[in-house]
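Working notes, beginning with the structure itself.
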Amino acid sequence: MSGVTDCHLHIFGPTARYPYTDNRAYTPPEAAFASYDTLAASLGLERMVIVQPSVYGKDNSCTLDMAAAAGKARARAIAVVDDSFSDSQLSEMNDRGVRGIRVNALTPAGMPLDQIRKLAKRIAPLGWHMQFWISGPQLVVLADIIRALPVPAVFDHMGQFVVDGGMEHPELTTLLSLLKLDHCWVKLCGYRVSKKGPPYDDIRQPVAALIAAAPTRCVWGTDWPHPHLEGRPYPDDKFLLDLLSIWAGDEAQLKRILVENPAKLYGF
């Protein structure tokens, strides 16, 4: 399959050139672009979306430089900004491959949540989206704001809903209701949501519901190099990709998730 896209990965280091922010929740080991590129080649991943990790705060240098190293034909980036960034800075980032900003409410140094509406209006002319890394309870609280956004909303890690709450849990039903809206998307990077770990059978039914709700607005990512797992099992990237083939149900839906949907969202 041509054009397969990994929509969620991080690059860390070298730390001598890209030091971590003091205000961080964890300290990851270095994870070089060359190492990711080797993995991508082995899995047949042709395109990538490099997501700004929280340990760099709002210094997007590493993420932007790595996107440049991969080349515009292959890579896009998701940045972290706040309202201190000028319009000219945002425009420059757009030229360097940024296609969205990350709203991170789970670790330090993220964008303040009270800036969501204002920044959404500022990034709308660029055609960017907002990528939300928030908890399930926060998703419920922010749902009305997300519904009214003038830009697409993309939910990291399947919205971080509580997986053992059942299919009628408010966190999951809120996520599914949002996915009925044309501007809401979800990343089927679900191993962090799973309570049981591999083979992640506890998220099979929710994933099926997410795909059914938004078959043309689901994307997938490895989350390489899988930082900040806090004792949870370290996933096997090949297994995650193989599992997606099962989740998708058929080749046409798999192509949507891996190729067609990312091309639309990120402008490949």
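Neighbour counting of Cβ atoms within 10 Å sorts the residues Met111, Met1, fewest neighbours leading, into Met1, Met111.
Amide H contacts of His129 (H built 1.01 Å from N, in plane; Pro and chain starts excluded): Gly100, Ile101 sit under 5 Å, all sequence-distant by 5 or more or on other chains.
Packing-based ranking of 166-172, 123-129 yields 123-129, 166-172, ordered from highest to lowest mean Cβ neighbour count within 10 Å. Take every Cα pair under 8 Å whose residues are at least 6 apart in sequence, average their separation, divide by the length of the chain, and the relative contact order is 18 percent. Once you have a ≥ b ≥ c as the square roots of the Cα gyration tensor eigenvalues for the range 94-207, tell me rounded if a/c is under 1.5, and otherwise prolate or oblate according to whether a/b is larger than b/c. Judged from the Cα gyration tensor, the range 94-207 comes out prolate (a/c at least 1.5, a/b above b/c). Based on every Cα atom in the chain, Rg and the maximum pairwise Cα distance Dmax equal 17.1, 48 Å. Distance from the alpha carbon centroid of the range 65-121 to that of the range 5-37 works out to 16 angstrom. Each residue, Val162 and Ala148, gets one label point 7 Å from its Cα in the Cβ direction; the gap between the two is 2.8 nm.
FYI, it's all coordinate maths here, none of it is from the lab. Predicted model only: the values in this text are computed from it and were never measured. Cβ sites come from the backbone with ideal geometry, for glycine too, and all protein chains shown count toward neighbours.
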